[in-house]
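Attaching a single structure in structure tokens format; questions to follow.
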Amino acid sequence: MTCFKAGFGKIDITPDLPVCTLYTRDKNQIADKITSRLYVRTAVFENDKVKIAIISGDLLALDSDFTTRVKKKIKRLGFKPENIMISCTHTHTAPNTINFNGPKFLKKEKGYLKKLETKIVECASSAQKDLKSAKIGIGKTKIDLNVNRREIGRMSEVNDLNSPTGLTDNETGIIFIEQNGIKKPSVIVNYAAHPLSMGKKSIKTISSDFPGEMSRIMEKDFKCVMFLQGCAGNINVKISGKLKVARKAGRIMADAVRNVYKNVSWEADCKLDMKTSEIDMPVDALEVSIKAHLEKKETENISTKEWLKKALKKARNTRSVKTIVQTIQISQAYLIALPGEQFIETALEIKKKSGKENCFVAAYANCGEIGYVPSPKAFKKGGYEVDEAYKYYGDHVYRNSPAAPSAFVKKALSLLKITNRKKGDWIR
């Protein structure tokens, strides 16, 4: 029998105030209030063959320069960088941690990022020191809390738990972990819904939104509650309003997860594996977008102007951008980690073709600067995620191609099927 161990860490990453968020366009929109505190949580799993770290922060996104740098520092703790996943819950009421085109307020909070880097490494160290023999329980449930915003409408148009959903994935993947000698279990929860329950009236606040509220509620009885955001590029939470609504959504999730815990089956001799692979993500040629903007006679907004200025200086023949895909096996659960704002169609396709009963798909992992990855169907219809959003992301000047989703699906499925991998290999 292999010796399976698990350890957990949790560190407060709430910023000093005032601080700029995604919503800050001028000095009157700078966040000056903390509605709920932000945390980074780490789960470390180890057996006699491999050790992995799963990290989730109450943040909007982190770019690959940052995550690569952090992984190199965590390497000193005995981890291989390819066995580390760093993801974000995608809360919009958090400090700016990636660059956006537009007003100066939309640039990275460099001072905060420097402190964040240290705290993530500290959290990983804390989780490693917490390693204890453990057992795993896998569960699933359905939570009707999300809505396809392109098909049905955004929260202000819906704002009703009984509203139609359109194409969503309300399956909630759950991994329970019980450490020997520890009364409180820990849990990893995977669900897809943009964390926007705080609503537009909360733009000057710092908040972990409904994922953080779920964790706060559950951590009265659980040791560590980690939320892994799913492919929510076109998926919103159904309700919005302020802290009261965020807590309502968090409570709905917490109650559903607790109900699964009551009947979970446990396994102590757990399989553990992780694979990381580079992928050449297809992107659209720049010529098309640049030409279209140059031919426009109307005045562009400040974000588009900044994007166009950058685009004109960049090589226009870019056809692909390198990023990574990861697969993690923990017992009978298979977790796929994708970069950027993936659409729900990608997650559903991976789950359908994986052949795995417990296949969970997380996004917003490792590389946040690639932005939205819309489905081919979305490209035909156009709209914000297809035609506008890519101009706001400040660290790239391309638009993702309609071919990108299928490339991610293909890569994820290929990793799931790879066997007899040499110990420690990073698949290229």
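Each reported figure results from applying straightforward, stated rules to the coordinates on display, with no laboratory input. All values derive from a computational prediction rather than experimental measurement. Note that we place each Cβ from the backbone using ideal geometry, even for glycine, and neighbour counts take in every protein chain shown.
Given a Förster distance of 45 angstrom, what is the FRET efficiency for residue 292 paired with residue 184, based on the Cβ-Cβ distance and rounded to 0.05? Mind dumping the intermediate values first?
Details: r = 56 Å, r/R0 = 1.24.
Using R0 = 45 Å, I get an efficiency of 0.20.
Let me ask something additional. Which order do 44, 283, 147 fall in if you start with the one that has the fewest other Cβ atoms within 10 Å?
So the ranking, lowest neighbour count to highest, is 283, 44, 147.
While we're here: Have a look at the DSSP beta bridges in the range 5-261 and tell me what percent are antiparallel, nearest 5.
Counting DSSP beta bridges with both partners in the range 5-261, the antiparallel share is about 75 percent.
OK, next. If you wrap a convex hull around the alpha carbons of the range 167-248, what volume per residue comes out, as a whole number of Å³?
93 Å³
To continue, here is another question. Give me 334, 384 ranked fewest to most by other Cβ atoms within 10 Å of their Cβ, as a rough exposure proxy. Working shown, then result.
On the way: 334 25, 384 14.
Fewest to most other Cβ atoms nearby, the residues stand as 384, 334.
Which ordering of 92, 396, 194 is given by a fewest-first count of other beta-carbon atoms within 10 Å?
Arranged by neighbour count, lowest to highest, 92, 396, 194 become 92, 396, 194.
Another question, then. Before rounding to the nearest 500, sum -39500 (n - 2.57) across all DSSP H runs of length at least 4 in the chain and divide by the residue total; then give [θ] at 222 nm in deg cm²/dmol.
About -8500 deg cm²/dmol.
Could you state the number of Å between the C-alpha centres of the range 137-176 and the range 360-404?
21 Å
What is the mean projected area of the alpha carbon convex hull for the range 5-261, to one decimal in square nanometres? Let's see the in-between values first.
Numbers: hull surface 53.5 nm².
Here the figure is 13.4 nm², rounded to one decimal.
Could you tell me which of rounded, prolate or oblate describes the range 275-410, using a ≥ b ≥ c as the square roots of the eigenvalues of the alpha-carbon gyration tensor, with rounded for a/c under 1.5 and, failing that, prolate when a/b is larger than b/c and oblate otherwise?
Verdict is prolate for the range 275-410.
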